[in-house]
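Read the figures in this text as sums done on the coordinates, not as results from a lab. These numbers come from a predicted model, not from an experiment. Cβ atoms come from the backbone with ideal geometry, glycine included; neighbour counts cover every protein chain shown.
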Amino acid sequence: MTIILIIFCIWGASALIHSVREKRANENAQRIASEQARIKREMREMKQRANEEAAARIALEREQMRQAREQEKLAKEQAKQAEQIAKHEKRISDLEERMAVAEEEIEFQSQQIERLRAHIEHAETERDACAYGSTNYYKWDKKCLALEKQIHTAESKMAKAQYIKTSAAKELAA
């Protein structure tokens, strides 16, 4: 009976050891499974954060590209406006110069007309002092005709200059 008791003790101890080992194995398996689940969860969270960061980076790059395009468009518009302003300023400068030249031409032609009228007056006086049909009469008459033509030319030039001045002044006012 002692043998049976010893065998029973050994069998009981063996069952107890086997039970403890099985319990430890189950605890280890559970611990490993929970650790794996935690690692999977952390990996999913890291992947999600990485995707969110990539999406944010892409959105930022798109916004930067949009702003760059907008700035480029703005720069083109500013360059176009600057070009238009330069053309406008050149046009104003040209018109002012045309007005100044026209004013000088008007002044010159009015002085020229005054001088020519004084000459024609003298030539008519000389012509009228000569006998009609004489050589001197025709000489002075020809001189009067030439002076009248010069006066007419000067008046035409002055009228043209006045028109240029008036047109330029209207354009400047517009």
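Distance from the alpha carbon centroid of the range 1-58 to that of the range 144-169 works out to 115 angstrom. So what is the 222 nm mean residue ellipticity for the chain from helices alone, if each DSSP H run of at least 4 adds -39500 (n - 2.57) and you divide by all residues, rounding to the nearest 500 deg cm²/dmol? -36500 deg cm²/dmol, from helical runs alone.
Which of rounded, prolate, oblate describes the range 98-143, given a ≥ b ≥ c as roots of the alpha-carbon gyration tensor eigenvalues and a/c under 1.5 marking rounded, otherwise prolate only if a/b is larger than b/c?
Details: a/c = 7.92, a/b = 3.96, b/c = 2.00.
Prolate, since a/c reaches 1.5 and a/b exceeds b/c.
Are any of the pairs LYS80/LYS157; LYS87/LYS165; LYS76/LYS170; LYS143/LYS170; LYS47/LYS73 more than 29 Å apart by Cα-Cα distance, and if so, which?
On the way: LYS80/LYS157 39 Å; LYS87/LYS165 20 Å; LYS76/LYS170 32 Å; LYS143/LYS170 40 Å; LYS47/LYS73 38 Å.
Violating the 29 Å limit, Cα to Cα: LYS80/LYS157; LYS76/LYS170; LYS143/LYS170; LYS47/LYS73.
Each 10 Å bin, from zero up to the one with the longest distance, holds this percent of the alpha carbon pairs of the chain: 8, 12, 10, 9, 8, 7, 6, 6, 5, 5, 5, 4, 4, 4, 3, 2, 2, 1, 0, 0. Helix 2-129 versus the longest principal axis of the chain: what angle, 0 to 90°, nearest 10, using Cα atoms? Tilt of helix 2-129: around 0 degrees.
Only counting other Cβ atoms within 10 Å, I'd like CYS144, CYS130 sorted with the fewest neighbours first.
Working: CYS144 19, CYS130 15.
Lowest count first: CYS130, CYS144.
Reported value for the range 1-57: 25 Å³ per residue, from the convex hull of its C-alpha atoms. The GNM of the chain, with springs linking C-alpha atoms under 10 angstrom apart, assigns the highest mean-square fluctuation among ARG127, ARG24, ARG69 to ARG24.
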